[in-house]
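What follows is a short report on a single structure.
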Amino acid sequence: PIQTTENIWHNGKLIPWADANIHVMSHVVHYGSSVFEGIRCYSQGEEGKTNGGGIFRLREHMQRFIASAKIYRMPIDYTVDQLCDAVVEVVEANNASPCYIRPVAFRGYGEIGVSPLKSPVEIYIANFPWGNFLHGNEGANVCVSSWNRLAPNTMPSLAKAGANYMNSQLIRMEAAVNGFDEGIALDRNGYLSEGSGENLFIVREGKLFTSPLANAVLNGITRASIVQLAKEMGIEVIEQSLPRELLYICDEAFFTGTAAEVTHLRSVDRILVGDGTMGPITTKLQTEYMNLVNGRTADRFGWITPVRIR
Ligand code: PMP
């Protein structure tokens, strides 16, 4: 269960957690008309020191939030800056860090027809404590899903829309009932796409490969961060359509995402990736990523928004 906090931001005001309710006849309940974000706030600095919190790439998340809404013709009456300030306001008011932050915008109570245009847009921002869970680094045992990712011109993959997660749920459930940690979906042409909630990277002969946005992947913010870190380390990054079988013969593979951070794949369809342990390039990238988000190395890219925690 979610560990609750005191306040939730709603259309410009802080309201009590328990009052953040909607009517069952709200448009979103019936037609999935929502867009959302998932953001992490990390403790900063050395373990045990209270240096406040730091929100990772807040601005990029709120830009993607507005972009998702724009695709669905959902007016957002706030600028990126105002939304970023709102996130800081609610995190500081709740005094919760490390935490997970969940902004969501949806079509509320109004018309019940399919067109959302006459239903009001409601925006909420919730946050709740979420520790820096350690992966244990034993790696994920995954399968290739029998479900494909969203086909072009059906549900737009570049929108982080609630309804896209019906597809994610099919992938995730199938994996779970078959004893896997996660499923990797192919796109409609049979190329590798992504996990139900993570982008995918493959390492082969020292080079880093990831699927391009055209292969039905979300433009993940962790994905972009890893690409930037890899380039900084002098690792060649190649974005191209990737055949499924590359997963079986690569040297290393890993997921990226706000929740997953950098998680290596131990096996795919019960075939070990390399020898199953986390490889050197994944280890290097994971270490640098975790050092950055936790403020253990300098924030040289301006990726951390500080928050005051009492
Ligand atoms: N793909 C999907 C489908 C996701 O839900 C997520 C999580 N938001 C990601 C990729 C990773 O994106 P990010 O790094 O921005 O969290």
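The values are calculated or read from the model by the stated rules, or taken from the named source; none is laboratory data. Given the structure is predicted, the values throughout are model-derived calculations rather than measurements. Note that each Cβ is placed from the backbone with ideal geometry, even for glycine, and that neighbours are counted across all protein chains shown.
Annotations
- If the condition is being closer than 18 Å to Pro156 by Cβ and either away from the ligand (no atom under 16 Å from the Cβ) or among the charged types (D, E, K, R) (or both), then the range 32-89 contributes Ser33, Glu37, Arg64, Lys70, Tyr72, Arg73, Met74, Pro75, Ile76.
- Test for Cys99: is it touching a residue at least 24 places away in the same chain (Cβ under 8 Å) and closer than 18 Å to Met290 by Cα: yes
- Meets criteria (touching a Pro at 6+ places or on another chain (Cβ under 9 Å) and within 14 Å of the ligand (Cβ to nearest atom)) for Leu150: yes
- Single residue of the range 85-98 satisfying the filter (hydrophobic (A, V, I, L, M, F, W, C) and more than 26 Å from Ser33 (Cα to Cα)) that is surrounded by the most Cβ atoms within 10 Å (Cβ to Cβ): Ala96
- Matching option when the condition is under 28 Å from Val91 (Cβ atoms), in a loop (DSSP other than H, G, I, E, B) and not β-branched (Val, Ile, Thr), among Gly302, Gly274: Gly302
- Which numbered condition Arg59 fails, given (1) over 19 Å from Glu122 (Cβ atoms); (2) in contact with a His (Cβ under 7 Å, 6 or more places away or on another chain): (2)
- Of all residues in the range 267-279, those that are over 16 Å from Arg244 (Cα atoms) have Cβ atoms under 6 Å from Cβ atoms of residues that are modelled with pLDDT under 95 and of a type outside the set (Asp, Glu), 6 or more apart or on another chain, in Met278/Asn137.
- For the range 254-263, the criterion of a residue being surrounded by 15 or more Cβ atoms within 10 Å (Cβ to Cβ), under 18 Å from Glu205 (Cα atoms) and more than 16 Å from the ligand (Cβ to nearest atom) is satisfied by no position.
- Within the range 162-210, the set of residues being among the β-branched types (Val, Ile, Thr) and crowded, with 23+ Cβ neighbours inside 10 Å comprises Ile171, Ile184, Val203, Thr210.
- Of all the listed residues (Arg266, Arg308, Arg270), the sole one being more than 16 Å from the ligand (Cβ to nearest atom), surrounded by 15 or more Cβ atoms within 10 Å (Cβ to Cβ) and of a type in the set (Lys, Arg) is Arg266.
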